[in-house]
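The block underneath contains the structure these notes are about, expressed in structure tokens.
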Amino acid sequence: GRYVDTSRDGFHLALDVSSFSLNCLVRAAEPLMSDGSGVVALTYLGSERAVPKYNVMGVAKVALESAVRYLASELGEKGIRVNGLSAGPIKTLAARGIKDFTTMLHLHADRAPLRRNVDVDEVADTALFLCSSLSRGITGEILYVDGGYRIMGM
């Protein structure tokens with residue numbers, strides 16, 4: 001459906017699941033974390049651009065990315081880093097439920113500078129980097145693992 005037709009309950013559910021859940025997770029995990037700890041949230045380009053059929057989830061991802069920055073600001077004094085990882089489309093079991101997902105994969109691969117889609121291992125490697133001391137100077141950022149798709153114009 002259209003974004004404008006999103007119900008209040010649907011909007012609240014999207015924000016609760018896709019944004020506020022990070023706050024709940026970090027609140028519970030904070031006592032267990034120490035200097036050098038890292039939190040990584042998964043987001044998507046639909047936070048920056050109107051992606052057909054993504055609709056209310058794009059709005060929820062905007063809230064998630066803002067939450068990443070606020071949490072990074074608050075937890076930084078404890079040495080806890082909070083970042084987001086925005087992956088391109090990946091063939092997963094969940095993705096099979098997205099209408100026209102195959103078309104999305106082909107479009108992405110055709111337009112990305114690397115001329116291919118990313119795979120699960122590349123996203124996992126980036127998450128591992130963000131949780132490791134190799135990224136100890138990075139917090140409050142959104143890293144894109146999308147073969148460069150984000151930088152392209154038309």
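The values are calculated or read from the model by the stated rules, or taken from the named source; none is laboratory data. Fair warning: this is a prediction, and the values are worked out from it, not measured in the lab. Don't worry about glycine lacking a Cβ; one is built from the backbone with ideal geometry, like all the others, and counts go over all protein chains shown. In case anyone asks, the SASA skips ligands and DNA or RNA and just uses the protein heavy atoms, side chains included. Shrake-Rupley method; radii C 1.70, N 1.55, O 1.52, S 1.80 Å.
Residues L64, L85: which one is without any contact (Cβ under 8 Å) to a residue 60 or more places away in the chain, open to solvent by less than 30 Å² (accessible area, probe 1.4 Å) and at negative phi?
Working: L85 fails: without any contact (Cβ under 8 Å) to a residue 60 or more places away in the chain.
Within the list L64, L85, the selection yields L64.
For M57, indicate whether it is closer than 18 Å to S132 by Cα and either in contact (Cβ under 8 Å) with a residue 24 or more places away in the chain or open to solvent by less than 50 Å² (accessible area, probe 1.4 Å) (or both). Explain how you work it out, then say what you get.
Values: closer than 18 Å to S132 by Cα: no; either in contact (Cβ under 8 Å) with a residue 24 or more places away in the chain or open to solvent by less than 50 Å² (accessible area, probe 1.4 Å) (or both): yes.
Judged against the criteria, M57 is not a match.
Checking V118 against (1) under 24 Å from F20 (Cα atoms); (2) modelled with pLDDT of 95 or more, which single condition isn't satisfied?
Condition not satisfied by V118: (1).
Is it fair to say L134 is within 17 Å of Y44 (Cα to Cα) and not in a loop (DSSP other than H, G, I, E, B)?
In short, no.
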